[in-house]
Amino acid sequence: MTGAERLAEFALRSEPIPEPVRAAARLHALDALGVGYAAAAGDEQKGWMGANDTNGPATLLTGGNASAAEAAMLNGALIHSLEYDDTHIGSVIHGSAVAFPASLAAAQQAGVDGAAMIDAYIVAWEAMIRIGLASPGAMQARGAQVTAVAGALGATLAAARLHGMTHREIVSALGIAGSQASGLLAFLEDGSSVKALNPGWAAHTGLTAAALARAGMTGPAGILESRFGPLAVFGADPSALLLDDLGTVWHLPDAAFKLYPCCHYIHPFLEAVEGLMGDGLTAEQVAGAIVHVPVEQAPLIAEPWSRRQSPASGYDAKWGLAYCIALMMADGRIDVASFEESPREAAVTLARRIESSVWEESGFPARFPARIEVTTTDGRRLKSEIDTVLGAPNRPVEATRVIEKFRHNASRCVPQDQIDALIATFLASDGPDLSRL
């Protein structure tokens, strides 16, 4: 079988998904919803909604409704816009920003229940991770966001499962979606906010591809193996795509929750700084610092270094390693509000005392590590190193902390009684009650 045929078979599987996998999925879906609500309170994000037709069967997180594909796109953009959404570390996949809006919209369109939505969400996640694990980091090195490329295919599988498509239709839908898969990292040049759209557009692509295949359009069955397919074109190795363990090995429970709303590569550095501050270090004591940056991460968070010290905007600051470290030192925290204002001059001044060094053998992407050395004004040299970011498989985040994160995020635009109801319905064993949602 081709890769698309194998993925279609996986989407059609009828065996129950193990409950620990489904429990993890419900918590990740709740986290994605909360991040989307936090973004929905933002002025720029509210403006995006007015640029699109809001009429249809699917729910928008800002209120109102839209067509399924439109809702998937807009909700996906909301969820990814704060850089607060979850990541599977080994594949560098932001799965929920695609899988949740795609599954929610397709489930509402198809009129199915929350249990079916969660299963489709899991199918999308697992497929995306497998694509990301084929040559990890290769797509990013070529300037493509792997979440966007893999997401078009994952969203297709979610929609196909929820609409009860045939094996042949699913294979064609994957061929259609793969032919349109895209999502570039050009935003890094000036910090523009279009990166938020990458997962949303992938979700839109998947739902549209599924609809076109149901209507009779065909797509290449060998889309994943083709020298003209998205894997080869965007720099991954099609022969490295391993699908034989689909349905027996589940990667979703290993996905990491984000605890800061900025690029995930920066998180272990913030942990390292928090450790130093816990030992008494203050911003005023910092004479200089050196951060060791994994070479593969440098294009996103360390180049050009002057921009990462003095970002162009609050959004651009989410990739500013030096600025984020300085902000943590100055404020003792990093939260959504940290990036809702223009970069602060005091933090920029401190960031300019931080230098970077390339880290060749860091172990990325199997782990997201950090190493920082600080020189104090009284001549001390302090070091802190994080082996891998909190939230990695060997450093899980407690569910209570994820729920608290949801409460804080949702409170930006949702009344408290509704927050409690959302937590209850999303964590219910049979999945969220979509009729109440």
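The values are calculated or read from the model by the stated rules, or taken from the named source; none is laboratory data. Every value quoted in this text rests on a predicted model; they were computed, and no experiment measured them. We place every Cβ from the backbone using ideal geometry, glycine too, and count neighbours over all the protein chains shown.
Return yes or no: is ALA272 outside any helix (DSSP H, G or I), among the aliphatic types (A, V, I, L, M) and farther than 30 Å from ILE17 by Cα?
Here the answer is no, as ALA272 does not meet what is asked.
From the list SER226, SER310, exactly one residue is in the same structural domain as ALA370 (by TED's automatic domain parsing) and hydroxyl-bearing (Ser, Thr, Tyr). Which is it?
Result: SER310 is the single residue among SER226, SER310 that is in the same structural domain as ALA370 (by TED's automatic domain parsing) and hydroxyl-bearing (Ser, Thr, Tyr).
Hey, could you check segment 384-395 for residues that are assigned to a loop (DSSP other than H, G, I, E, B) and in contact with a helix residue (DSSP H, G or I) (Cβ under 9 Å, 6 or more places away or on another chain) and say which is farthest from VAL374 (Cα to Cα)?
Looking at the filtered set, the residue picked out is PRO393.
Report the residue count in segment 345-385 for those that are loosely packed, with under 13 Cβ neighbours inside 10 Å, among the β-branched types (Val, Ile, Thr) and either more than 20 Å from PRO299 (Cα to Cα) or not assigned by TED's automatic domain parsing to the domain that holds GLN285 (or both).
Result for segment 345-385: 1.
Is it the case that PHE234 is touching a helix residue (DSSP H, G or I) at 6+ places or on another chain (Cβ under 7 Å) and not charged (D, E, K, R)?
Considered against the rule, which asks whether it is touching a helix residue (DSSP H, G or I) at 6+ places or on another chain (Cβ under 7 Å) and not charged (D, E, K, R), PHE234 comes out as yes.
Taking the conditions exactly as written (among the small types (Gly, Ala, Ser), modelled with pLDDT of 95 or more and assigned by TED's automatic domain parsing to the domain that holds GLU126), does GLY247 satisfy them or not?
So GLY247 fits the description; yes.
Going by what's in this entry, would LEU231 be described as part of a helix (DSSP H, G or I), touching a residue at least 12 places away in the same chain (Cβ under 8 Å) and surrounded by fewer than 19 Cβ atoms within 10 Å (Cβ to Cβ)?
Taking the combined requirement at face value, the residue does not satisfy it.
Residue under question is ALA410, and the condition is that it be in contact with a helix residue (DSSP H, G or I) (Cβ under 7 Å, 6 or more places away or on another chain), under 19 Å from GLU83 (Cβ atoms), outside the structural domain of PRO268 (by TED's automatic domain parsing) and of a type in the set (Gly, Ala, Ser); does it hold?
yes
Please find, within segment 341-366, the residue that is farthest from ASP254 (Cα to Cα) out of those that are among the polar types (S, T, N, Q) and assigned to a loop (DSSP other than H, G, I, E, B).
SER342
Only one of ALA410, ALA392 is surrounded by 16 or more Cβ atoms within 10 Å (Cβ to Cβ) and closer than 30 Å to HIS292 by Cβ; which?
None of the other options fit; the residue is ALA392.
Within the bounds of segment 374-397, is there any residue that is of a type in the set (D, E, K, R) and within 30 Å of ALA120 (Cα to Cα)?
yes
For residues that are in a helix (DSSP H, G or I), over 19 Å from ILE372 (Cα atoms), out of contact with any Pro (no Cβ under 6 Å at 6 or more places or on another chain) and not small (Gly, Ala, Ser), tally how many sit in segment 319-340.
Adding up the residues that qualify gives 1.
Conditions tested, residue by residue: (1) touching a residue at least 24 places away in the same chain (Cβ under 8 Å); (2) of a type in the set (D, E, K, R); (3) under 18 Å from PHE269 (Cα atoms).
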{"position": "THR375", "(1), (2), (3)": "yes, no, yes"}
{"position": "ASP378", "(1), (2), (3)": "yes, yes, no"}
{"position": "LEU382", "(1), (2), (3)": "yes, no, yes"}
{"position": "ASP387", "(1), (2), (3)": "no, yes, yes"}
{"position": "ALA392", "(1), (2), (3)": "yes, no, yes"}
{"position": "VAL397", "(1), (2), (3)": "yes, no, yes"}
{"position": "ILE403", "(1), (2), (3)": "yes, no, no"}
{"position": "CYS413", "(1), (2), (3)": "yes, no, no"}
{"position": "GLN416", "(1), (2), (3)": "no, no, no"}
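Is it the case that GLY200 is surrounded by fewer than 22 Cβ atoms within 10 Å (Cβ to Cβ), in the same structural domain as ARG130 (by TED's automatic domain parsing) and small (Gly, Ala, Ser)?
no
Here are some conditions: (1) surrounded by fewer than 17 Cβ atoms within 10 Å (Cβ to Cβ); (2) more than 19 Å from the chain's Cα centre (by Cα). PRO294 meets all but one. Which one does it not meet?
Status for PRO294: all satisfied but (1).
Of the conditions (1) assigned to a loop (DSSP other than H, G, I, E, B); (2) surrounded by fewer than 21 Cβ atoms within 10 Å (Cβ to Cβ); (3) not charged (D, E, K, R), ALA23 satisfies every one except a single condition; which number is it?
All conditions pass for ALA23, except number (1).
Could you grab me the full set of residues in segment 188-228 that are without any contact (Cβ under 8 Å) to a residue 12 or more places away in the chain and either within 20 Å of GLU126 (Cβ to Cβ) or hydrophobic (A, V, I, L, M, F, W, C) (or both)?
VAL194, ALA215, PHE228
Report, by residue number, each residue of segment 133-184 that is at pLDDT 95 or above, farther than 14 Å from PRO230 by Cα and either surrounded by fewer than 19 Cβ atoms within 10 Å (Cβ to Cβ) or aromatic (Phe, Trp, Tyr) (or both).
Listed by number, the residues that qualify are GLY164, THR166, HIS167, ARG168.
In this structure, is THR205 closer than 16 Å to GLY95 by Cβ, modelled with pLDDT of 95 or more and either assigned by TED's automatic domain parsing to the domain that holds VAL123 or in contact with a helix residue (DSSP H, G or I) (Cβ under 9 Å, 6 or more places away or on another chain) (or both)?
Yes: the conditions hold for THR205.
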